[in-house]
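Here the structure is laid out as structure tokens; the discussion comes afterwards.
The values are calculated or read from the model by the stated rules, or taken from the named source; none is laboratory data. In this text the structure is predicted, and so the values were computed from the model without any measurement. Don't worry about glycine lacking a Cβ; one is built from the backbone with ideal geometry, like all the others, and counts go over all protein chains shown.
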Amino acid sequence: MLADTIRELKSTKVSLTKKAEELDEIQARFRAVFENAAVGIACVSITGQFLQINQEYCRIIGYTPEEVLSQGFSYQQVMAPGDFETCLAFQRQLLDGVTNSCAFENRYIHKEGGIVWVLLSIYLLRNAAGAPLYFIAAAQNITERKQYETRLQLAASVFTHSREGIMITDAAGTIVEVNDAFTHITGYPREEALGQNPRMIKSGRHGLEFLCRPMACSDYQRPLAR
């Protein structure tokens with residue numbers, strides 16, 4: 001009996017040792033992913049304090065991990081004031097069990113004072129009993145994309161409201177869009193101009209090259225920046 005008990009204890013010890021090694025390996029993998037992720041990742045307490053934060057998240061807000069963790073930083077301290085209520089509303093939905101995760105665009109205030117746009121994804125981790133433990137936040141820097149969208153909106157506004165006749169052509173010189181001033185100045189309806197080459201449209205009406213400023217499609221179709 002004693003010998004059997006000893007064998008069982010040894011077997012249990014080996015099993016526990018193996019499970020501990022497997023757990024260590026899983027934790028090592030998590031740390032590697034956490035620290036080297038291309039997006040910012042942070043564990044945030046229910047009250048908003050950063051519990052863990054990776055290097056990319058720190059690059060986004062401009063602080064070191066030591067500054068964030070030793071000073072007890074909260075996400076409220078780095079978030080643009082105008083976005084706080086939106087974030088708080090999503091936080092309430094997560095805590096109330098309306099949803100398990102959410103994603104929205106948000107602005108952070110960089111340590112040097114600039115605004116950083118992020119796509120923020122948040123997941124609420126709960127224990128086995130369903131009680132909230134902490135939030136896992138992933139932040140992707142989309143500042144360049146937002147700046148590009150702003151330039152596009154400005155270009156679209158100029159195109160629409162300009163008093164100059166403007167036509168947009170593709171690489172082959174085919175007209176793919178014209179503004180209202182174009183139709184007013186030249187007398188060519190939009191439907192008639194689209195698909196044509198400026199040199200092919202000839203009539204007693206005003207010449208296109210004289211009255212209109214061509215704009216290449218590539219000016220409006222640059223790929224989005226990260």
Legend entry - Selected residue (only one of E66, E56 is modelled with pLDDT of 85 or more, over 19 Å from F135 (Cβ atoms), part of a helix (DSSP H, G or I) and out of contact with any Cys (no Cβ under 9 Å at 6 or more places or on another chain)): E66
Legend entry - Scan of segment 69-112 for residues that are of a type in the set (A, V, I, L, M, F, W, C), over 14 Å from V44 (Cβ atoms) and part of a loop (DSSP other than H, G, I, E, B), ordered by number: A80, V98
Inset, instruction - Scan segment 123-138 and give yes if some residue there is of a type in the set (D, E, K, R), assigned by TED's automatic domain parsing to the domain that holds L94 and modelled with pLDDT of 85 or more, otherwise no. - result: yes
Inset, instruction - Could you give me the residue pairs with C-beta distances under 8 Å whose first residue belongs to segment 27-39 and is modelled with pLDDT under 70, whose second residue is in a helix (DSSP H, G or I) and not hydrophobic (A, V, I, L, M, F, W, C) wherever it lies, and which are 6+ apart or on separate chains? - result: none
Legend entry - Residue match in segment 127-140 (condition: free of Cβ contacts under 8 Å to residues at least 40 places away in the same chain and of a type in the set (S, T, N, Q)): yes
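Per-residue answers, yes or no, for (1) among the charged types (D, E, K, R); (2) touching a Ser or Thr at 6+ places or on another chain (Cβ under 7 Å):
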{"residue": "A131", "(1), (2)": "no, no"}
{"residue": "A139", "(1), (2)": "no, no"}
{"residue": "R145", "(1), (2)": "yes, no"}
{"residue": "Y148", "(1), (2)": "no, no"}
{"residue": "V158", "(1), (2)": "no, no"}
{"residue": "D170", "(1), (2)": "yes, no"}
{"residue": "G173", "(1), (2)": "no, no"}
{"residue": "V176", "(1), (2)": "no, yes"}
{"residue": "A181", "(1), (2)": "no, yes"}
Legend entry - From E144, E192, residue being within 30 Å of Y57 (Cα to Cα) and modelled with pLDDT of 85 or more: E144
Legend entry - Residue list for segment 166-188, filter: hydroxyl-bearing (S, T, Y) and in a loop (DSSP other than H, G, I, E, B): T174, Y188
Legend entry - Those residues of segment 93-132 which are in contact with a helix residue (DSSP H, G or I) (Cβ under 9 Å, 6 or more places away or on another chain), over 22 Å from T150 (Cα atoms) and loosely packed, with under 11 Cβ neighbours inside 10 Å, in sequence order: V98
